[in-house]
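Beneath this line is the structure, given in structure tokens, with notes to follow.
The values are calculated or read from the model by the stated rules, or taken from the named source; none is laboratory data. Here the structure is a predicted model, which means the values were calculated and not measured. Cβ sites come from the backbone with ideal geometry, for glycine too, and all protein chains shown count toward neighbours.
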Amino acid sequence: MDDCALSFWIYTGVMSVFVGSTLKKFLTSHVSSMPSLVAWLGATLLVERLCTLCMPAVLALAVLCAICWLYSSWDGPPYTLPVEEKAVFITGCDTGFGHATAKQLDAMGFEVFATVLDLEGEGAKQLRGTCSQRLTLLQVDITQTQQVQQALLCTKAKLGMKGLWALVNNAGVCVNFGDAELSLMSNYRGCMEVNFFGTLSVTKTFLPLLRQSKGRIITISSPSGEQPFPCLASYGASKAALNLLINTLRHELEPWGVKVSTILPSAFKTGQSSNTEYWEKQHQLLLQSLSPGLLEEYGEEYVLETKELFQNYAQAANEDLSPVVKTIVEALLSPRPRVRYYAGPGVGLLYFIHSYLPLTLSDRFLQRLFLKKKVIPRALRKENGLGLLNHSSNNNNNNNNNTPQRE
Ligand SMILES: NC(=O)C1=CN([C@@H]2O[C@H](COP(=O)(O)OP(=O)(O)OC[C@H]3O[C@@H](n4cnc5c(N)ncnc54)[C@H](O)[C@@H]3O)[C@@H](O)[C@H]2O)C=CC1
Ligand SMILES: C[C@]12CC(=O)[C@H]3[C@@H](CCC4=CC(=O)CC[C@@]43C)[C@@H]1CC[C@@H]2C(=O)CO
């Protein structure tokens, strides 16, 4: 083998390591369930094939991948910023992520301003009983401008000359769930009022402090604001509006040195979702408020199934909130906080499918992941004389018994 051929194969081997590891890192970091060996083999074979086909293109690809690999593997300085002298304002600390985060930040030494809806509620009592004197409890309904303004005055009075390091926009609700057509306007308005307008009001009110400190805004959004989760149109629409607002702010606040991050959790068992009484009440309210026509066309059994599926899902959600709490801490203390964080099992796979597979597959994945309905609307059943959705025919494309295909 002459020198030229030898150097070619040495070069190819080196490059395939680079590109293979880049692809492997990319695939395994996105597709947590994909065995890294498979990813590695796939990537390396792909590179070898490319090398034998068209060298110049491979050269360009390899250089590009090498740059990507170097950049992506550099997570920034290994250190985190000091906690001392840092104050954080967190909304929605009665329960769930907000409550757990307030406790964690207090234990780490932050000065925490934790807002709650109910100062005499269980969550507030727990924070009062377990946290240090550094933690300040404030009663704030973020939809009430007066209460948000009052919270600013209290925070400024307590901070004195010290700056506010970060605002954690955590408070949020899912007023109810159900098909978009069946969801009441009060569902849409209720979600928008808290998740969008409430968060906007708090952010606008505290921005002067955050610009002064060149601090941070960390917002807990939801994948349902970016992907069409069935029966979550009202909640998802409010999160979509929130996402756009936060992403716009991110650009606009860059000159001020304010860093903006969004956290996208998977499903967790928190105050709202595990409150079966709440969902029972919402279900009854929906049945009472639906027009007779809609109720006739969809049927009570269809609405009941949705509630039951939703509650089963919520009961099976992750109990350990630490992935979200740890992500919030990282967004607070990283020298270079990320624009987006995925927090919790499966959310990376969710976005990999959404980003790289055809929309029909991604939509179907969501439907099967979140709410696997069996009952079809009454009007469709009458039309086709069917009760449950016949899944076997669903998988049979040349279906000839007219079973309505779920899109
Ligand atoms: N639990 C989950 O699976 C997921 C939750 N999220 C988001 O995480 C955030 C926190 O929710 P969770 O901890 O899950 O539920 P949660 O219901 O336990 O916490 C929500 C908090 O917001 C507060 N809140 C509700 N309305 C308020 C208002 N008008 N003013 C002030 N505070 C208000 C509640 O008192 C509660 O403390 C929300 O923004 C939610 O949309 C996002 C993705 C998944
Ligand atoms: C609506 C709520 C919070 C969510 O965002 C999740 C939803 C259950 C289905 C989901 C699965 C995911 O992987 C992403 C998150 C989510 C869309 C949850 C049911 C109740 C939760 C709630 O009420 C939050 O206030």
Just wondering, is there one or more residues in segment 277-286 that are out of contact with any Lys or Arg (no Cβ under 7 Å at 6 or more places or on another chain), away from ligand 1 (no atom under 16 Å from the Cβ) and within 24 Å of residue 382 (Cα to Cα)? yes
Those residues of segment 82-116 which are of a type outside the set (A, V, I, L, M, F, W, C) and touching a Cys at 6+ places or on another chain (Cβ under 8 Å) amount to 99, 101, 103, 106, 115
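Results for (1) in the same structural domain as residue 207 (by TED's automatic domain parsing); (2) more than 9 Å from ligand 2 (Cβ to nearest atom); (3) without any contact (Cβ under 8 Å) to a residue 12 or more places away in the chain, shown as yes or no for each residue.
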position: 224; (1), (2), (3): yes, no, no
position: 234; (1), (2), (3): yes, yes, no
position: 237; (1), (2), (3): yes, yes, no
position: 247; (1), (2), (3): yes, yes, no
position: 252; (1), (2), (3): yes, yes, yes
position: 255; (1), (2), (3): yes, yes, yes
position: 267; (1), (2), (3): yes, no, no
position: 283; (1), (2), (3): yes, yes, no
position: 287; (1), (2), (3): yes, yes, no
Screening 139, 144, 104, 133 for residues that are more than 16 Å from ligand 2 (Cβ to nearest atom) and under 21 Å from residue 263 (Cβ atoms) leaves only 104
With the first residue restricted to segment 104-118 and required to be under 13 Å from residue 171 (Cβ atoms), and the second required to be assigned to a strand (DSSP E or B) and within 16 Å of ligand 2 (Cβ to nearest atom), Cβ contacts under 6 Å at 6 or more apart or on different chains are 114/90
Residue 195 fails exactly one of (1) outside any loop (DSSP other than H, G, I, E, B); (2) farther than 21 Å from residue 325 by Cβ; (3) of a type outside the set (D, E, K, R), namely (2)
Condition set part of a helix (DSSP H, G or I) and hydrophobic (A, V, I, L, M, F, W, C), scope segment 156-192, selection farthest from ligand 2 (Cβ to nearest atom): answer is 157
Apart from one, (1) under 25 Å from residue 349 (Cβ atoms); (2) surrounded by fewer than 19 Cβ atoms within 10 Å (Cβ to Cβ) all hold for residue 248; the odd one out is (1)
Over segment 261-290, the set of residues more than 30 Å from residue 338 (Cα to Cα) and among the basic types (Lys, Arg) is 281
Within segment 198-236, the residues that are under 21 Å from residue 149 (Cα atoms), within 14 Å of ligand 1 (Cβ to nearest atom), not aliphatic (A, V, I, L, M) and not in a helix (DSSP H, G or I) are 219
Among helices (runs of 4 or more DSSP H) entirely inside segment 338-407, those with 1 or more residues being at pLDDT 70 or above are 347-356, 359-370, 378-384
